[in-house]
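So the structure is just underneath, and the comments pick up after that.
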Amino acid sequence: MRGASLVITSIIVTSIFTFSCAGEEQQNSIIEESGDAPGKLWESSEIGEQWQIISPNNSTTIGTFPVNDSVDVFALQISSTNWTMVGFWVSNNESVRISVQRLNQSTWTIVEFADGDVGELGLDPGMHAIRLERNGGFEEEVAYRFTLENRGSFEGEGEFVNLAWMFTPFYVAAGLFLILPLVIVLWWNRGDLFSSKKDEELVENEKHILNALRDRFSINDLAKGREEITVALSILGEGSWNSASEELGKPEIRHFTENIDICVWRFEDSSNSLLIGVRTESFSWEMAAIRIFSPLGEVTSIQSVVPEMIFRDDEVFLGDLEEGSTTFVQIETLGNPPVVNMQISGLVDGKPIAAVPTNSIEMGEE
């Protein structure tokens with residue numbers, strides 16, 4: 001009797017277990033990936049056959065990333081007339097990331113999305129997307145399985161209330177805060193921004209000074225008007241490089257590098273007088289000096305310098321030249337060597353540098 005009872009009990013337990021497993025399998029159905037899922041959303045009004053359509057009703061989908069494949073996209077269909085809350089997660093695979101995307105049913109653009117190890121998202125009736133993405137390298141095949149859970153329907157997202165008016169004071173304050181630096185910069189530079197007439201007057205003054213200098217340099221006796229020439233050269237040295245290049249004509253020597261720009265002019269009836277312009281670029285020069293020499297070997301010396309600077313034999317000492325500065329100096333040579341060249345030397349960034357133009361001036365000819 002006792003044996004019969006044990007047999008009956010075993011049959012009942014086995015039946016219950018079998019029924020439970022069948023019910024669980026029915027509640028959470030297994031779906032296999034059909035072919036290789038596309039790696040992007042559909043764009044047309046109808047979804048093509050390559051996108052596998054999945055229902056959110058408690059299903060687990062099994063798929064694979066082949067070698068060199070990193071994204072799989074599935075279609076998710078919400079057939080309920082109300083909104084549905086869908087939960088989702090990837091099982092036992094840290095190298096795969098899942099996200100559910102709510103799509104606009106007309107344009108198929110992404111309106112909202114959710115991701116994470118265990119995520120959920122409310123979806124309106126229609127077709128939405130599930131995106132699986134591989135994390136890491138592409139050297140080997142990766143299998144994955146993800147589960148969808150229907151967590152019930154609910155009524156729409158409700159009516160939205162426009163509360164933008166509450167942020168108006170913030171927008172005004174933020175706008176003033178952002179505009180204030182621009183106002184300050186405009187105020188500081190008001191002289192440069194609103195001084196076109198003044199600039200035109202300065203250009204005319206520069207032209208007048210340059211014409212006067214050209215007349216002075218055409219006189220053999222350069223001692224006359226020495227003070228006027230000194231003042232004029234100092235004014236030009238404040239930043240008249242472009243005007244000098246235009247008004248004095250093409251220089252007989254021009255040497256231009258990223259460190260310095262050198263021009264040398266000579267004028268009628270003053271073959272032994274040279275006007276040298278030096279424009280520093282993106283570097284400053286320390287202990288700068290100009291040396292006049294004859295490439296043919298003749299002895300060349302300096303007789304006078306305007307404005308007054310220290311000179312000895314064939315060299316004039318300019319001193320320190322600031323970055324972006326302009327310096328004009330008039331040099332009168334002693335005697336009349338047939339050919340003259342020049343060299344500017346100094347320290348740039350602590351290193352000695354010499355700039356030597358390739359052209360020379362034939363002093364015996366105009």
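Throughout, read-outs are computed from the coordinates displayed, never taken from laboratory work. As the structure is a computational prediction, the values presented were derived from the model and not from experiment. Methodologically, a virtual Cβ is constructed for each residue, glycine included, from the backbone with ideal geometry; neighbour enumeration extends over all protein chains shown.
Using θ = phi - 60° and the Karplus form 6.51 cos²θ - 1.76 cosθ + 1.60, what ³J(HN,Hα) does each residue of segment 122-136 get, whole Hz, x for Gly and Pro?
Working through the residues one at a time gives x, 10, 7, x, x, 10, 10, 10, 10, 10, 10, 10, 7, 9, x Hz.
Please work out the FRET efficiency for the pair Glu332 and Val185, using the Cβ-Cβ distance as r and a Förster radius of 41 Å; give the result to the nearest 0.05.
0.30
Test of understanding: what is the full-extension gain from Ser34 to Asn57, defined as 0.36 nm times their sequence separation minus their Cα-Cα distance?
6.4 nm
Could you sort the peptides 281-288, 87-94 by per-residue average Cβ neighbour count (10 Å cutoff), highest mean leading?
Answer by packing, highest mean first, reads 281-288, 87-94.
Evaluate the distance, in nm, between pseudo-label points positioned 7 Å from the Cα of Ser95 and of Thr109 along their respective Cα→Cβ axes.
Between Ser95 and Thr109, the simple spin-label model gives 3.7 nm.
What ranking do 254-260, 183-189, 342-348 get when scored by the average of other Cβ atoms within 10 Å per residue, highest first?
The densest-packed peptide leads the list: 342-348, 254-260, 183-189.
Could you tally the net charge around Glu120, taking each other residue with its Cβ under 11 Å from the Cβ of Glu120, Lys/Arg +1 and Asp/Glu -1?
-1
Please report the net charge: other residues with Cβ closer than 14 Å to the Cβ of Ser106, K and R +1, D and E -1.
Surrounding charge for Ser106 is -2.
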